[in-house]
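Participant: Provided herewith is a single structure, encoded as structure tokens, for subsequent inquiry.
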């Protein structure tokens, strides 16, 4: 089963939920936790352990000016404007390139070949006997998160139970992470910003055909608007985590709620049962 | 010689536009005859990669100089490679005003 933890608004507690869920489940079975927030991964902070890191590269075009006839076909094909063909030379803009390989294919003179370009890394560790942690990390200044997320997910392709912590928001990195998941937990907070962005996230999950359920974090007991939203959109509210100083303190020192207060494991185990039902994979 | 001005409208009386890649119009003046051509910029609402494409429009129209307020890095690279000189105009006046200043040589040439 592949489960995603997303949100819409940033800072609602995705990593907190993903980490605690993975910790709880790994007490009984093999779990893979993937940090798909590759621009700002943080799960490794909760699970320090020795790790191995591998480079992630993407192919980028290199033009051989002696073979190039400056016909302009590569520029015409490129959807991202990365190739500009002048009368006597070609200008390539690497930060616009999406590594689709199209220019290389359409060149009628075989003047383009591809070289690998490093964009970031994936790191694998085993912080607990039954927990495998995969973290994706995009190099600073690089614009494309998606290939790293794709690589990180591929590393878990044959793992039985996978939890993906997503980036905040609803753009490309989140879509890439959610794609192919059996269910999605949307972590929200009962604030106007939280509600606004939750609606966007619900929409994205629906368009991707991923069933979603909601966890309200930092609740002050005044969740009426969020609960009404759930009813109106026929989405299950699966768990509420209170706005509590002790929880914040545990989190802030890099500890896990389920590790410091083991009685919370029951709540996260129950959350997982609801997720399984949501995914149509009752346990 | 053809000189291009970024503009908010389709005539030389239109207010000048500071941005290059997403300028609504490119007004190309022929300095010899005084005639002009207005090109509506198809990339004005583009999400990304518009600079080089806008520069290609100027190259296709045999423009020799560009007068604009701000030209991004990618556009700049293409314009420089094509030998198109770049001048800065940010006074907020009309294209005609920018053109007068260019003729009087009071505009600063940018690198």
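Participant: Which helices (runs of 4 or more DSSP H) does the stretch A:1-97 wholly contain that include 3 or more residues that are under 25 Å from the mean Cα position of the chain (by Cα)?
Facilitator: A:14-25, A:43-46
Participant: I'd like the residue in the stretch B:32-49 that is part of a loop (DSSP other than H, G, I, E, B) and away from chain A (no Cβ under 12 Å) and, out of all such residues, is nearest to the chain's Cα centre (by Cα).
Facilitator: Only one residue tops the list, namely B:41.
Participant: Next up: Looking at (1) at pLDDT 95 or above; (2) in contact with a helix residue (DSSP H, G or I) (Cβ under 8 Å, 6 or more places away or on another chain), which is the one condition that is false for residue B:31?
Facilitator: (1)
Participant: Shifting gears a bit: Out of the residues in the stretch A:154-174 meeting the condition of being part of a helix (DSSP H, G or I) and in contact (Cβ under 8 Å) with a residue 12 or more places away in the chain, tell me which one is surrounded by the fewest Cβ atoms within 10 Å (Cβ to Cβ).
Facilitator: Per the stated criteria, the residue is A:172.
Participant: Scan the stretch A:31-53 and tell me whether some residue there is modelled with pLDDT of 95 or more and more than 27 Å from residue A:139 (Cβ to Cβ).
Facilitator: yes
The values are calculated or read from the model by the stated rules, or taken from the named source; none is laboratory data. Here the structure is a predicted model, which is why all the values come from computation and not from measurement. Glycine also receives a Cβ, built like all others from the backbone with ideal geometry; neighbour counts cover every protein chain displayed.
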